[in-house]
Amino acid sequence: MRSDEWSHGFLVWNLSLGSCLESPENTISPEASMLDQLQNEYDIVFVVAGTNKTQEDSQTQPKCIWAPADSSNSLVVNATSILKEPASYTREGPVLNFFRKPDISCFGGDATEQMAAWSPQGVNLTTGTSFAAPWITRKMAYLIYVMHFSRETAKAMLIDAASGWEKISADNIKVGYGIVPTKIEDILTTPSNEIRFILEGTITSFETYNYRIPVPMVNGKYPYMVRATLCYFPKCNARQGVDYTSTELDFHFGRMREWASTH
């Protein structure tokens, strides 16, 4: 496939596959490293299933995800039950001890209620992160092809809609940042008491940006809560170990504080 086909043809790819092995603490899998390189170079995005436990695995003992769900740039999807709880077969991160994986979750069926999927024999009831991921791929494709958002904005909107305003527990690592709403309208719109800003840019070297965001003032104060979802597709290098990503972002929201000179 030519590079122009990568960049102008198929922008969203679904990968419903995975290894039975567990990710080590200090290594990224070769498969994930390749996916990260492709996404950095060709302006595409992979939606990857979060991998499942096998029938021989304990349903009560945690098991780490592995290739290719340890991809940093990919949108990794775990499965939930109809009760919006982590499915019994889901595996968990983090990757390299601090990358939260999976990113998000979606209904994938469980013992309570299975998912209806098409097979060569007709409709089949089944379960798995492999069946949850395509639902997110569909939403990602809609945001990019229909709404004409960039892949960064589309990925950020899915994560932002999943995380909501609830405090994200460090222990709730099976669902990632949260469960993505079923309706696309709940991703594209905000309630009347919210304001959403989408800021995009390209950084080629060390740069500092300062945006004047218009926020309404009430009685001389700003009685609001703010959350920010940052999304980018950095260049990665598996040979750098835990320092896997070559670019980091630092974000501050609020007034610039005036520091007194020490000279």
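Since every read-out is calculated from the coordinates, none of them should be taken as a lab result. Since we're looking at a predicted model, the values are computed, not measured. Neighbour counts are summed over all protein chains in view; Cβ atoms, including those assigned to glycine, are modelled from backbone coordinates with ideal geometry.
Data table
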item	result
Sequence of Tyr89, Tyr211, Tyr145, Tyr177 once ranked by neighbouring C-beta atoms within 10 Å, starting from the fewest	Tyr211, Tyr145, Tyr177, Tyr89
Local net charge near Lys63, Cβ-Cβ under 10 Å (Lys/Arg +1, Asp/Glu -1)	-1
Degrees separating the helix 129-141 axis from the principal Cα axis of the chain, which is the longest one	40 degrees
Nearest 10 degrees, 0 to 90: helix 151-163 Cα axis against the chain principal axis	80 degrees
Shape of the stretch 1-149, Cα gyration tensor, a/c cut at 1.5	oblate
Environment charge at Thr245 (Cβ cut-off 11 Å; Lys +1, Arg +1, Asp -1, Glu -1)	-2
For Phe10, Phe206, Phe107, order by how many other beta-carbon atoms lie within 10 Å, fewest first	Phe206, Phe10, Phe107
Order of Met34, Met157, Met115 - criterion: other Cβ atoms within 10 Å of each residue's Cβ, fewest first	Met34, Met115, Met157
At 0.890 mPa s and 25 °C, Stokes diffusion of the stretch 24-98 via Kirkwood alpha-carbon radius, µm² per second	186 µm²/s
Summed residue charge, Cβ within 13 Å of Lys84's Cβ, Lys/Arg positive, Asp/Glu negative	-3
Relative contact order (%) - the chain, alpha-carbon pairs under 8 angstrom, separation at least six	19 percent
Helix 30-42 vs. the chain, principal-axis angle (Cα, 0 to 90°, nearest 10)	50 degrees
For the chain, projected area of the alpha-carbon convex hull averaged over all directions, nm²	18.9 nm²
